[in-house]
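Down below is the structure, laid out as structure tokens.
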Amino acid sequence: MLDSLSQRLSKIVKVMRGQARLTEENTRDMLREIRLALLEADVALPVVREVLARIKEKAMGEEVIGNLNPGQALVGVVQRELTAIMGGDLSRDEREINLRVQPPAVILLAGLQGAGKTTTAGKLAKHLIETQKKKVLTVSCDIYRPAAIEQLKTVTAQAGAEWYPSHTGEKPLDIAAGAVDYARRHFFDVLIVDTAGRLAIDEAMMTEVADLHKFLSPAETLFVIDAMLGQDAVNTAKSFHERLPLTGVILTKTDGDSRGGAALSVRHVTGKPIKFVGSGEKLDGFDAFDPEAMASRIIGMGDIVGLVKDVQKSINVAEAEKLAQKLKSGKSFDLTDFRAQLAQMGGMGSFSSLMEKLPAQFQQAAGQVNDEQVQKQLRRTMGIIDAMTPAERRKPDLIKASRKKRIAMGAGVPVQEVNRLLKQFDQTQDMMKRMQRGGLSKMMRALGG
Ligand code: GDP
């Protein structure tokens, strides 16, 4: 998401960086460009006005004037103001889920149908289990769609939480009462309550969720919103904010093709922090919202911090250490190790979502990365290694023409692919040897880093 906004802003940033002096004229130009970029990104008008007023005030202030490089300073101002608008002044604690209540801490999820509430319930449960070791119960009060109840059951199992059964014949308040009672008696730390949504704001739905809120007095009332909604996000957020004392927002589908306005607008409209962002349908696509990283991404510097975290999350530390130990002990890197590395890459999840966190300059390339193709290629390559004998994996030099033919047949690929794999392996092995000899710093030099 955020493509067009970051592309536009990074263009402005580039122009401003090149300016030796800040004049009234180029400041005005820049503000106009930022205004257009924000409007184009579907940021609500009142938010655009506020952002611009703040940037203007700071830009005219001492922070920029008198600075040796006003263009650069201005970029800093824009980044800080975007961060502030998205809740940068809040502490990490304020953005986490509040569990400082008598357990079970009830978390009520509200939002339109299709916003991603049920998926979010699963993601949130997994998050609380994995990061805080909480005992989590989920329940669905969506008595209109049996499929929604089933879906919650499925994601709850995937998250490793417990699901409290509910049925379409029951009343939402009765279901909620039953779940709270069950959670108390079985010492659950958290109860996540999924509610029914409608396709649009609807009085009956609002009353139902407001009644649930009154009955449950939740520790958190989270508004779940689809980042792709853009302008509409504002109106929806407003309606929910007016009827429910929200405590925070979860922005979903940030992997989608959105223009990024929602992140900026929703916080402004509700006055509540965006606590988490969801991306993708799988349960691990769930991260704490980081306003600073988001602001950097918006102005095209790329979410390097986010990228590093993703890679850390997906690399199997135990495997990596095993390999490091092996190399340290002077043993050589063989095809079995190479296969393990490939398998790790395959586990890294969506390549395009990793690429998306890179600065705007690189994102064009990201658009061309096809996850499915990358995964398919990885599986093919691993298939070739699987077709080898253990001796061949240990000593790839053994693999001459006739063995190559046999392996290719076994893996169902042309011989050229076996050749390509062996070449790739050679290069990797070479790098590993250098690492063994000279450590990381030498390798970085070898890579031109
Ligand atoms: P609910 O009606 O609010 O409970 O929404 P669901 O959780 O059923 O989600 C609606 C659809 O959006 C489902 O097909 C989900 O798989 C999908 N979905 C949910 N969250 C995300 C996300 O972060 N990214 C993407 N791409 N799809 C999502």
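Quick one: which residues, 5 or more positions from Trp163 or on another chain, have an amide H under 5 Å from its amide H? H modelled 1.01 Å from N in the peptide plane, none for Pro or chain starts.
So Trp163 has HN proximity to Thr138.
How far apart, in nm, are two points set 7 Å out from the Cα along the Cα-to-Cβ line at Gln373 and at Ala401?
The two pseudo-label positions are separated by 3.3 nm.
Once amide H atoms are placed 1.01 Å from N in the peptide plane, what residues at a sequence separation of 5 or more from Val249, or on another chain, have their amide H within under 5 Å of its amide H?
The answer is Phe223, Ile274, Lys275, Phe276.
If you stretched the chain out fully between Glu50 and Ala177, how much longer would it get, using 0.36 nm times the residue separation minus the C-alpha to C-alpha distance?
41.4 nm
What does the C-alpha gyration tensor say about the overall shape of segment 92-308? Classify as rounded when a/c is under 1.5, otherwise prolate if a/b is larger than b/c, or oblate.
Taking the square roots of the gyration eigenvalues as a ≥ b ≥ c, segment 92-308 is prolate.
Taking θ as phi - 60°, what are the ³J(HN,Hα) couplings along segment 239-245 by the Karplus curve (6.51, -1.76, 1.60), each to the nearest whole Hz, with x for Gly and Pro?
Running phi through 6.51 cos²θ - 1.76 cosθ + 1.60 with θ = phi - 60° gives 4, 5, 4, 5, 9, 10, x Hz.
Could you list log10 I(q)/I(0) for segment 195-242 at q = 0.15, 0.23, 0.30 Å⁻¹, which the Debye formula gives when each Cα is one point scatterer?
Values, matching the q order: -0.41, -0.92, -1.32.
Taking amide H positions as placed 1.01 Å from N in the peptide plane, with prolines and chain starts having none, which residues 5 or more places from Asp142, or on another chain, fall under 5 Å of its amide H?
Sorted by chain and number, the residues that satisfy this are Ala196.
Per residue of segment 263-269, what does 6.51 cos²θ - 1.76 cosθ + 1.60 with θ = phi - 60° give for ³J(HN,Hα)? Whole Hz please, x for Gly and Pro, Karplus curve as stated.
4, 6, 6, 4, 4, 5, 5
Students often get this wrong, so check it: of Lys123/Lys253; Lys126/Lys171; Lys238/Lys272; Lys123/Lys153; Lys405/Lys433, which have C-alpha atoms separated by over 21 Å?
Pairs exceeding 21 Å: Lys126/Lys171; Lys405/Lys433.
FRET efficiency for Lys133 and His167, Cβ-Cβ distance as r, R0 = 41 Å, nearest 0.05?
0.85
Starting from the 7 Å offset along Cα-to-Cβ, what nm value, one decimal, do you get for the label separation of Asp93 and Thr154?
If labels sit at Asp93 and Thr154, their model points lie 4.0 nm apart.
Taking 0.36 nm per intervening residue step and subtracting the Cα-Cα distance, what contour gain separates Thr428 from Glu25 on full extension?
The Thr428-Glu25 span can extend by a further 139.7 nm.
Would you please classify the overall shape of segment 145-188 from the alpha carbon gyration tensor, given that a ≥ b ≥ c denote the square roots of the eigenvalues, rounded means a/c under 1.5, and beyond that prolate means a/b larger than b/c while oblate covers the rest?
oblate
On a 29 Å Cα-Cα criterion, which of the cross-link pairs Lys214/Lys282; Lys134/Lys282; Lys134/Lys376 come out too long?
Lys214/Lys282; Lys134/Lys376
Modelling each spin label as a point 7 Å along the Cα-to-Cβ direction, I'd like the Ser239/Ala204 distance in nm, to one decimal.
With each label point 7 Å from Cα toward Cβ, the separation is 1.4 nm.
Return the sequence-ordered ³J(HN,Hα) values of segment 423-430 in whole Hz as given by the Karplus equation 6.51 cos²θ - 1.76 cosθ + 1.60 applied to θ = phi - 60°, using x for Gly and Pro.
5, 4, 4, 3, 5, 5, 4, 4
Tally Lys/Arg at +1 and Asp/Glu at -1 over every other residue whose Cβ is under 11 Å from the Cβ of Asp226; what's the total?
+1
Using 0.36 nm per residue of separation minus the Cα-Cα distance, give me the extension gain between Arg184 and Phe215 in nm, one decimal.
9.6 nm
No lab work stands behind these numbers, since they all come straight from the coordinates. Quick caveat, the model's predicted, so the values are computed rather than measured. Glycine gets a Cβ as well: all are built from the backbone with ideal geometry, and neighbour counts include every protein chain shown.
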